[in-house]
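Below is one structure, written out as C-alpha cells; the observations come after it.
The values are calculated or read from the model by the stated rules, or taken from the named source; none is laboratory data. These numbers were taken from a predicted model, which means no experiment stands behind them. Because the Cβ atoms are built from the backbone with ideal geometry, glycine has one as well, and the counts that use them run over all protein chains shown. Accessible surface areas use protein heavy atoms only, side chains included; no ligands, DNA or RNA. Shrake-Rupley method; radii C 1.70, N 1.55, O 1.52, S 1.80 Å.
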Amino acid sequence: MWQFLLKRLLLLIVTLFGIALISFVIVTMAPGDPSSMKMGLKGGGRGQGGLDDNTIRKNRELYYLDRPRLLDLSPPTRRTRLEKALAELDAKSELERKDAKLLLESAIGTAGLDVLMEVLPGRTATGAAARAELEGRLDALARAATDAERAAALEALSRHHGAFAPPVRLVDGRLPTQEERVRAWERQRRALVAEAEAPARRVLSVLAAVVPPAAGGPEVAADAPVADAMTAWQAWWAERAEDFSRARAREAATAWLERGDVAAAGAEGKASPELEALRRVGQVAAPPLMDALRAARRGSPLEQRAAYGLAVVCKKPWDLTTTPEERQTYAARWKERQDAIEAQKGDMHPSAYAREVAALGDEAAFVAQEEAREFADHRARWADWWFRAEEYYVDFSAPRQVVRAFTQTQFGRWMSRFVRLDFGESYKAKRPVWDMLAERLPVTLTLNAISLSLIYLMAVPLGIYSAVNRGVALDRGSTLALFVLYSLPSFWVGSMLIAFFTGEQGLLHPLLDLPAHHFMSLDADKLSTWGKVKDVARHLVLPVICLTYAELAYVSRQMRTGLLDVIRQDYVRTAVAKGLPRSRVIYKHALRNGLIPLLTLMGALLPVMFGGSVIIESIFSIDGLGKMAFDAILDRDYPVIMANLVISGFLTLLGILIADIAYAVVDPRIEFR
C-alpha cells in the first residue's frame, strides 16, 4: 500500500505541474494587458483612468510582465542589461532617461563601472564628431554670401537638427527673412552643442554620481570639456580599477561578514573599518553578500550582517534590524489595539473579550511578533529583488544561461515561488496571495464541508430506499422531484431564496429571519463562541441549500442506479434464496459494491463544489475562495487566478487518491499495485 501511495503522490506532483503549466498558458493568452487593465486603462478592467506609457512599462516590470511567458531564448546578461540601460539613457522620453539614470546610479552603481568606462571613449568621440559637423554647418551658414547659399545651409540644419529648428511665425503679417532665420539658428548654438555632447555627458554624470569626489572619484567640473573629463576619468580608472574588482569586493564582504558589528554600525558616526571598506566597493559586493544571506541560518548573526551589508551597498531599507523608534511604533500600535478592545468591552460577550485579549497578548510578545513579521517581509523582498537584480551584478556561465532561459520567464518566476508555497502578491489588493487564501479558505471549506456532508447523508439513504423499493409511488415522486431540482440553476434559486426568505418581506418573517449576505455578522467577534457558531449557521442556511440540492439529486440517482445493478447480481439473489433477511442482504452484501460509483464521483465532486462556490459566494457576498476567484478573473489578477486553479487541481487529484484508497476499504478484492 505504501508503495502505491508513494507512486500516486509522485504522479500527483507531476500532474499538478502540468495543470499549472496549461492553466498558466491559457490565462496569459487571454487578450489585454493586465498591467493596463488593473489600473483601469484603455477600457480594460473595472476602473477608469489614464496613465502614460512609461508608467505602464514600469508597472509591467514591477510584476515581471515584461518577461517572456515560457521560454527566453536570450536571457539578459550583465552586459546586455547595462547596454539596455545606456540605450534608455538616450531615450526621447525624459521619464525614461530619469529612470535609466536612477537605475545606473542607485541599483547598478559600481557594478557597472567597467562597462561605463568602456563606452565613454566611444561616446566622447561620437559627440566630438557630431559637434564638429554641427559647427561646420553653422559656420557654413555664417559664411553664406548669397541667398541660395543661405537657403542651402538652412535646409541642411533643418534636415539634421529638425528638433531645434526655429518655429516659422508671421512677423507683422509676413514670413521671417533669411537674415532673421540665420540669427535664430545662431541663438540655438549652445543648445545644439549640448545636444551633440549629451550622450557622453550623461555617462559622465552617472560616473560622478556613482563615485563622487567624496568617495574617491576624480575632481571634474560639471562644465569641463568632455575630452578633458574623459581623460581625468580614464586616469582615475587606470589607478583605481583594482579597487572595484570582484576579488576586492569579496575580500571586503568577507571581512564584514566575519568581523562586522551591526549594532555599532547603526549608531551614527561609529561606522567600522569593515563597513567603510564595504561602502567603498559598493554594489560590486552584492553577489557574495547575497550568497551569505541565502546560506545563513535564519535569525543568526551572519544573516543579520549579510542583510545589513546588502542594505548599505544596494541602498535598500530591508536590513534585519529594529531601531528604538520602530519598537516604540510597535508598542504604540499595541496600545491602540488594547484601548480599542477596552472601549468595546461593554458591547462584547465576556468570552469574546477574553478571546480578543488573549489574541493580542502582552506588549513584549506583540513587539516581538511585529519584528518577526517585518523580518519575514524583508527576507521575502530580498529574494524577490534578487530574482531580477542578479543580472546587474553577475556574469553568468553558459550552463547557468541555459537554466535562466526557463527561469527568467513569467512561468519560471511563478513556479520558483510556487515550490516554496509562495503564490506571490495580488496585483489588485497588493497583499500576499497566501494571506488572502488563509483568510478565505476556511470560509469555503466550511461551506463545502457542510454541503458535502449533507449530500451524502441524504443521498445514500434516499438512493438505497429508491433502489430497494423501485417503482413505488414514493420512488417515482422522489425521482421526479430530484430531476426538477437538478434542472434549476443555482443562481436563480439563490436569487429566489433571497427574495422570499430574507428581510422584512420574507415569507417566514419574523419567525425565521435569515441573513441574505456574508458569512457572519459584522459584529460577530463580539459574540461568545456558541453565539458565533449560531450566527454562522444562520448565515449559511441559504448558501448551503443552493450548493446542496443539485448535487443531492445527482448523487442520489447514482446511488440508486449503482445499487440496482448490484441487486440484480447472482450472489445477491443466492443470498436472498438462502433465506437471509432482506436488510442483511442489502446492507452487508450489496451496499459495499453499490458505493463504488459514489466513490468515483468523489474525485470530481470536490472541484465541482468549489466551482459552484464561485456562483453561490458571489450571490450571497461571502468572502471565500469562489468570490475571490471571480473578482480576480474580472481584474486579471494572475497570481490569485493561478493560486485558485492550482488549489482546484490539487483537490481533484486528492479526491481521486482518496477514492482509490476507499475502493480497497469498500471492496477487499481490490489490491494496491
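Summary of values
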read-out: Qualifying residue in the stretch 140-150 (condition: in contact with a Lys or Arg (Cβ under 6 Å, 6 or more places away or on another chain), at negative phi and without any contact (Cβ under 8 Å) to a residue 40 or more places away in the chain); value: yes
read-out: Residue in the stretch 241-250 that is open to solvent by less than 70 Å² (accessible area, probe 1.4 Å), within 30 Å of V220 (Cβ to Cβ) and either at pLDDT below 90 or of a type in the set (S, T, Y) (or both) present; value: yes
read-out: Residues that are open to solvent by 30 Å² or more (accessible area, probe 1.4 Å) and closer than 17 Å to A550 by Cβ, drawn from the stretch 429-459; value: I450, L452, S453, L454, Y456, L457, M458
read-out: Any hit, the stretch 269-292, residues being open to solvent by 60 Å² or more (accessible area, probe 1.4 Å), at pLDDT below 90, in contact with a helix residue (DSSP H, G or I) (Cβ under 7 Å, 6 or more places away or on another chain) and not in a helix (DSSP H, G or I); value: yes
read-out: Helices (runs of 4 or more DSSP H) lying entirely in the stretch 559-673 (those with 2 or more residues that are of a type in the set (A, V, I, L, M) and either at pLDDT 80 or above or open to solvent by less than 60 Å² (accessible area, probe 1.4 Å) (or both)); value: 570-577, 596-619, 625-635, 638-666
read-out: Members of the stretch 194-222 found to be outside any helix (DSSP H, G or I), more than 16 Å from F244 (Cα to Cα) and among the β-branched types (V, I, T), listed by number; value: V220
read-out: Cβ-Cβ under 7 Å pairs, at least 6 apart or on other chains, the stretch 170-193 side under 23 Å from R131 (Cα atoms) and surrounded by 12 or more Cβ atoms within 10 Å (Cβ to Cβ), far side basic (K, R) and at pLDDT 75 or above; value: V182/R150; V193/R131
read-out: Scope the stretch 382-431; condition farther than 23 Å from L16 by Cβ, at pLDDT below 90 and more than 12 Å from the chain's Cα centre (by Cα); matching residues; value: R388
read-out: Exclusive hit being touching a Gly at 6+ places or on another chain (Cβ under 9 Å) and under 30 Å from P597 (Cβ atoms), set L462, L454, L441; value: L441
read-out: Long-range neighbours under 9 Å by Cβ, at least six apart or interchain, first residue farther than 12 Å from L437 by Cα within the stretch 632-649, second of a type in the set (D, E); value: R636/D33; D637/D631
read-out: Of all residues in the stretch 2-16 being more than 12 Å from L657 (Cα to Cα) and touching a residue at least 60 places away in the same chain (Cβ under 8 Å), the one that is surrounded by the fewest Cβ atoms within 10 Å (Cβ to Cβ); value: Q3
read-out: Residues of the stretch 536-558 satisfying the condition of being open to solvent by less than 10 Å² (accessible area, probe 1.4 Å) and touching an Asp or Glu at 6+ places or on another chain (Cβ under 9 Å); value: P543
read-out: Conditions (1) over 30 Å from W530 (Cβ atoms); (2) of a type outside the set (K, R); (3) assigned to a helix (DSSP H, G or I): number failed by A354; value: (1)
read-out: Subset of the stretch 10-20 [within 17 Å of D637 (Cα to Cα) and either out of contact with any Leu (no Cβ under 8 Å at 6 or more places or on another chain) or outside any helix (DSSP H, G or I) (or both)]; value: none
read-out: Close pairs (7 angstrom Cβ cut-off, 6 or more residues apart or separate chains): farther than 12 Å from R388 by Cβ in the stretch 57-73, open to solvent by 60 Å² or more (accessible area, probe 1.4 Å) and outside any loop (DSSP other than H, G, I, E, B) anywhere; value: L71/F406
read-out: Checklist (1) open to solvent by 50 Å² or more (accessible area, probe 1.4 Å); (2) modelled with pLDDT of 90 or more; (3) farther than 29 Å from V313 by Cβ applied to A354, failing item; value: (2)
read-out: Subset of the stretch 87-109 (residues that are within 11 Å of R202 (Cβ to Cβ) and surrounded by 20 or more Cβ atoms within 10 Å (Cβ to Cβ)); value: L89, A100, L104
read-out: Single match in G361, G309, G346 (criterion: touching a residue at least 40 places away in the same chain (Cβ under 8 Å), small (G, A, S) and either open to solvent by less than 50 Å² (accessible area, probe 1.4 Å) or over 22 Å from R417 (Cα atoms) (or both)); value: G309
read-out: A473 vs. criteria open to solvent by 50 Å² or more (accessible area, probe 1.4 Å), of a type in the set (A, V, I, L, M, F, W, C), at pLDDT 90 or above and more than 23 Å from F24 (Cβ to Cβ); value: no
read-out: Flag if Q401 is in contact (Cβ under 8 Å) with a residue 60 or more places away in the chain and in a helix (DSSP H, G or I); value: yes
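Condition check ((1) touching a strand residue (DSSP E or B) at 6+ places or on another chain (Cβ under 8 Å); (2) of a type outside the set (A, V, I, L, M); (3) more than 30 Å from M29 (Cα to Cα)) across all residues:
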position: L65; (1), (2), (3): no, no, no
position: D114; (1), (2), (3): no, yes, yes
position: A132; (1), (2), (3): no, no, yes
position: A152; (1), (2), (3): no, no, yes
